[in-house]
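K.L.:
Okay, handing you the structure first.
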Amino acid sequence: QGPTRDGRQKPEIAAPGVDISAANGFDDYLSRPWISMSGTSMSSPYVTGLVGLMLTIDPQLTAAQIEGILRRTAVPLPGGGFAWGNAAGFGRVDPTACLAEVEALRTRKEVAP
């Protein structure tokens, strides 16, 4: 939860991170190929994968554009608003909206004179 000690608004967004099933990379992976875990170790790869998909659509996106799209398309948590909050930033990441916005941006670039 934010803000940071120096007053910056962190986190920017929230992502699924509770009881996420993923490939098991630990010693017992042969007997248990999948594992369920919670925390930022599970939500960070979720966002990273989304950013990878965004860059697949438009490899020229800058870090600032990616951050802006993630923030702009975030969905408030139930009972929350669109303003930044210390528990979930600007809201829960919305992959469908992110990818649609990247596609629209790419299309506008292609049409521009």
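K.L.:
Of (i) 34; (ii) 27; (iii) 14, which is the value of percent of Cα pairs over 25 Å apart derived from the coordinates here?
P.N.:
Computed from these coordinates, percent of Cα pairs over 25 Å apart corresponds to label (i).
K.L.:
Ok, one more. Would you mind calculating the gained length between Ser36 and Arg72 on full extension (0.36 nm times residue separation, minus the Cα-Cα distance), in nm to one decimal?
P.N.:
10.0 nm
K.L.:
For the chain, what is the accessible area per residue in Å², given a 1.4 Å probe and the full set of protein chains?
P.N.:
With all protein chains present, the chain gives 66 Å² per residue.
K.L.:
Name the residue from Thr62, Gly80, Ala100 whose Cα lies farthest towards the positive end of the charge dipole of region 44-113, charges +1 on Cβ of Lys and Arg and -1 on Cβ of Asp and Glu.
P.N.:
It is Gly80.
K.L.:
Given charges of +1 on the Cβ of Lys and Arg and -1 on the Cβ of Asp and Glu, with all other atoms neutral, how large is the dipole of the chain about its Cα centre, in debye to the nearest 20?
P.N.:
Charge dipole, the chain, about its Cα centre: 320 debye, nearest 20.
K.L.:
Relative contact order for region 1-89: what is it in percent, counting Cα pairs under 8 Å that are at least 6 residues apart?
P.N.:
So the answer I get is 39 percent.
K.L.:
Applying the Karplus parametrisation 6.51 cos²θ - 1.76 cosθ + 1.60 with θ = phi - 60° to the phi angles of region 69-80, what ³J(HN,Hα) value in whole Hz is obtained for each residue in order, glycine and proline being reported as x?
P.N.:
Each residue of region 69-80 in turn: 5, 4, 5, 5, 9, 4, 9, x, 5, x, x, x Hz.
K.L.:
How much length would be gained if the chain were fully extended between Glu103 and Gln60, taking 0.36 nm per residue of separation minus their Cα-Cα distance, in nm to one decimal?
P.N.:
14.3 nm
K.L.:
Label 7 Å along Cα→Cβ of Ser44; region 91-105 residues with amide nitrogen under 18 Å?
P.N.:
93
K.L.:
Still on this structure, please answer the following. Summarise the accessible area of the chain (1.4 Å probe, protein heavy atoms) by the percent that is carbon and sulfur.
P.N.:
60
The values are calculated or read from the model by the stated rules, or taken from the named source; none is laboratory data. Nothing here was measured: the structure is a model prediction, and the numbers come from that model. Heads up, the Cβs are rebuilt from the backbone with ideal geometry, glycines too, and the neighbour counts pull from every protein chain shown. SASA here: full protein model, heavy atoms, side chains in, ligands and nucleic acids out. Shrake-Rupley method; radii C 1.70, N 1.55, O 1.52, S 1.80 Å.
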